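Below you'll find the structure, written out as structure tokens, and then a few comments.
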Amino acid sequence: LAPSGLALIALGLAMHWVGAKMQQTRVSLMALILLLWALPYYFYGWDFARHLLFPVGYLIFCIPMNFLDVIAFPLRMFATTASVAILRGLGVDVVQTGSAIRALTPMGSERWGVDVANPCSGLRSLLAMTALTSAYAFATQRTLWKKLALFAASIPLAIAGNIVRIVVIGLIAESFGEKVAVGLIHEYSGYVVFIVAIALMVSFGSLLNTDLRGWWRGLRDRWWGGVTPAAPA
């Protein structure tokens with residue numbers, strides 16, 4: 001038996017009691033997750049319980065995170081600003097009005113416009129990508145720092161995927177009109193976020209697993225026959 005596990009069990013029960021009294025479901029759910037790990041830790045010790053840290057901790061993603069809605073607006077504005085910059089770089093004459101993107105004619109009238117609303121902020125895809133990336137990092141990375149690095153990368157990866165989605169909608173609106181862009185294309189454009197984000201996730205994970213020293217030695221042997229070129233006099 002692990003005596004410290006008993007203290008964690010007591011803490012989990014206290015958290016559940018507080019959550020029930022305050023009608024805070026999230027606190028009770030956190031208490032349940034803690035108890036699911038503390039009980040095996042108490043009865044079987046650290047050597048057994050350490051293998052349950054990730055599987056049990058992964059249940060945190062089951063807890064509603066509505067409090068993160070406060071970052072939806074900053075995400076909208078950042079995605080809109082970045083998308084406008086990319087569209088301009090691709091030669092599309094657009095302007096930003098709040099979280100809306102508008103394309104104007106030379107006379108100043110609007111040709112098409114799309115609004116990056118709250119559902120398009122990328123918050124939902126961000127939460128989904130953090131859950132997916134944490135599982136992928138746990139399964140594919142060998143060391144703790146690589147797991148943490150890949151997990152931390154899930155946030156910019158999800159944001160990048162959402163920006164690509166907005167840019168694609170803008171390009172379709174420019175080429176085929178606003179009705180096409182905000183119709184069926186908009187409904188299924190969410191897949192673009194995950195295609196881009198997952199591709200970047202796998203690429204970054206592969207890079208982390210690459211033996212860069214071995215790659216450099218192989219490149220050196222290929223070009224210089226294993227002999228380091230002498231520095232110029």
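The values are calculated or read from the model by the stated rules, or taken from the named source; none is laboratory data. All figures in this text were calculated on a predicted structure; none of them were measured in a lab. Heads up, the Cβs are rebuilt from the backbone with ideal geometry, glycines too, and the neighbour counts pull from every protein chain shown. With ligands, DNA and RNA removed, areas are computed over all heavy atoms of the protein, side chains included. Shrake-Rupley method; radii C 1.70, N 1.55, O 1.52, S 1.80 Å.
So which of ALA135, ALA117, ALA149, ALA181 ends up being in contact with a strand residue (DSSP E or B) (Cβ under 7 Å, 6 or more places away or on another chain) and of a type outside the set (Val, Ile, Thr)?
Numbers: ALA135 fails: in contact with a strand residue (DSSP E or B) (Cβ under 7 Å, 6 or more places away or on another chain); ALA117 fails: in contact with a strand residue (DSSP E or B) (Cβ under 7 Å, 6 or more places away or on another chain); ALA149 fails: in contact with a strand residue (DSSP E or B) (Cβ under 7 Å, 6 or more places away or on another chain).
Of ALA135, ALA117, ALA149, ALA181, the one residue that is in contact with a strand residue (DSSP E or B) (Cβ under 7 Å, 6 or more places away or on another chain) and of a type outside the set (Val, Ile, Thr) is ALA181.
So which residues in the stretch 126-145 are open to solvent by less than 30 Å² (accessible area, probe 1.4 Å) and of a type outside the set (S, T, N, Q), if there are any at all?
LEU126, MET129, ALA131, ALA137
With respect to LEU68, determine if the residue is in a helix (DSSP H, G or I) and over 21 Å from the mean Cα position of the chain (by Cα).
No: the conditions fail for LEU68.
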Where a residue in the stretch 192-208 is more than 17 Å from ALA149 (Cβ to Cβ) and its partner, wherever it lies, is of a type in the set (Lys, Arg) and in a helix (DSSP H, G or I), with Cβ under 9 Å and at least six apart: VAL192/ARG165; VAL193/ARG165; VAL196/ARG165
Residues being under 33 Å from the mean Cα position of the chain (by Cα) and open to solvent by less than 90 Å² (accessible area, probe 1.4 Å) - total across the stretch 6-15: 6
Search result, residues across the stretch 148-168 that are open to solvent by 50 Å² or more (accessible area, probe 1.4 Å) and either under 20 Å from PRO55 (Cα atoms) or not β-branched (Val, Ile, Thr) (or both): LEU148, PHE151, ALA152, PRO156
Count of residues meeting criterion [touching a residue at least 60 places away in the same chain (Cβ under 8 Å), within 19 Å of PRO156 (Cβ to Cβ) and open to solvent by 70 Å² or more (accessible area, probe 1.4 Å)] in the stretch 63-106: 2
Selection count where residues are over 22 Å from LEU68 (Cα atoms) and at pLDDT 90 or above, scope the stretch 121-142: 6
First in the stretch 22-33 and in contact (Cβ under 8 Å) with a residue 12 or more places away in the chain and farther than 21 Å from LEU6 by Cβ, second anywhere and outside any helix (DSSP H, G or I) and hydrophobic (A, V, I, L, M, F, W, C), Cβ under 9 Å, 6 or more apart: THR25/ILE63; ARG26/ILE63; ARG26/MET65; LEU29/ILE63
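Condition check ((1) among the charged types (D, E, K, R); (2) under 25 Å from the mean Cα position of the chain (by Cα); (3) assigned to a loop (DSSP other than H, G, I, E, B)) across all residues:
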| position | (1), (2), (3) |
| --- | --- |
| ALA85 | no, yes, no |
| GLY91 | no, no, yes |
| ARG102 | yes, no, no |
| ARG111 | yes, no, no |
| SER125 | no, yes, no |
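Could you identify the single residue in LEU212, LEU207 that is open to solvent by 50 Å² or more (accessible area, probe 1.4 Å), at pLDDT 85 or above and aliphatic (A, V, I, L, M)?
LEU207
Can you confirm whether the stretch 44-55 contains a residue that is assigned to a loop (DSSP other than H, G, I, E, B) and either open to solvent by 60 Å² or more (accessible area, probe 1.4 Å) or modelled with pLDDT under 90 (or both)?
no
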